[in-house]
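Quick note: the coordinates plus some simple rules give every number you see, no bench work behind them. These figures come from a predicted structure and were not determined experimentally. Cβ placement follows ideal geometry from the backbone for every residue including glycine, while neighbour counts extend to all protein chains displayed.
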Amino acid sequence: MNLNAFLHSMKFRVLLCILALLTGIMLYSLKSGANTDYVTRALQGLTAPARRASAAISGEVNEKLDTYFEAKAYREENARLRAEIASLNEQLIGYDDAVQELEALRDQLKIKEKYDDFKRSEPCRVLMPAANDMTRTFLIDRGEKDGITLNSPVICADGLIGVITALSQNYATVTTILSPELSIGAVVLQTGDSGIVEGDLRYAASDRIRMMYLDENSSAKEGDLVMTAGTTGLFPYGLPVGNITEVGIEDSGLAKYALLAPSVDLSALESVTVLLDFEGKGETFGEKK
């Protein structure tokens, strides 16, 4: 029973009557003083059960009042703690945003130091990966209003990540180099061998990509760096794509293939950069704008 219901109950009304009776008897006794007669003692005896009942009910009332005020104190304390937690969460979110922004700026600086021919780029924050996608497609917080265009390369300081494949005013989707949808003209830095790098679902789960059409006499080996060839105008020259982990012979026996570990850890991206303009954009090998 809550306090409000108790105050309107029959038990509370009985308590008030008993208290009124006891008050009258007490006043009478005080007036009579030492000459308390047999009637008074008889009344005291008759009201003894009522006084005991009153004491019991009073104890219950006190207990309910204590419970009520304790519960109110608990509610006020919980409200205060929730407000403090909300404030701390806001501070934590602000701190996390500042850290991510700082990391993005550091990555931008590294990119500018490594590549002088990038005319225009846009730093972006990674929002969320696509659900159940082993090729690690993800969403970024920039879109058409920020100058992002379809097929723009997406990079970080460590190398090539993928390209923009879907676009809205405020967001864009990035398909990574693990996807079979992406074909990249590439070259082995140490040997000069060229080929095509594509994602392959057979290897995507283990974060590997495949370089095809290597010359059968290629000396490419494990550890060699593969980078963008820059011959199609879709990617600038010299972006790291991955390092060779395995070299084998194609089923036709006419060419070699290589498996690569991407240069970028695609599972730990927080910020990326979209290349909007660079030397050789839109130019195929041997052509000029």
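Under a Cβ-Cβ cut-off of 10 Å, what is the net charge of the residues other than Leu167 that fall near it, where Lys and Arg count +1 and Asp and Glu count -1? Mind dumping the intermediate values first?
Values: positive: Arg142; negative: Glu144.
Charge balance near Leu167 sits at 0.
Cut-off is 10 Å between beta-carbons; in what order do Ile184, Ile244, Ile249 appear when sorted fewest neighbours first?
Ile249, Ile244, Ile184
Out of segment 140-224, which GluC sites (Glu not before Pro) are coil in DSSP terms and have no more than 12 other C-beta atoms within 10 Å?
Here the sparse-neighbourhood loop sites are Glu216, Glu222.
Gain in length, Glu76 to Asn217, computed as 0.36 nm per residue apart minus the alpha-carbon separation, to one decimal in nm?
Extending this stretch completely gives an extra 42.9 nm.
How large is the translational diffusion coefficient of segment 229-289 in µm² per second when you combine the Kirkwood radius over alpha carbon pairs with Stokes-Einstein at 20 °C and 1.002 mPa s? Each step should come with its number before you reach the end.
Numbers: Rh = 14.4 Å.
Answer from the Stokes-Einstein relation: 149 µm²/s.
In nanometres, what is the gap between the two model label sites at Lys112 and Asp141, each 7 Å from Cα along Cα-to-Cβ?
Placing both labels 7 Å beyond Cα along the Cβ direction yields 2.0 nm.
Order these by the 10 Å Cβ neighbour count, fewest first: Val187, Val126.
Val126, Val187
Starting from the amide H of Glu283, placed 1.01 Å from N in the peptide plane, find each other amide H under 5 Å away whose residue is 5 or more places distant or on another chain.
Close amide H contacts, sequence-distant or interchain: Gly233.
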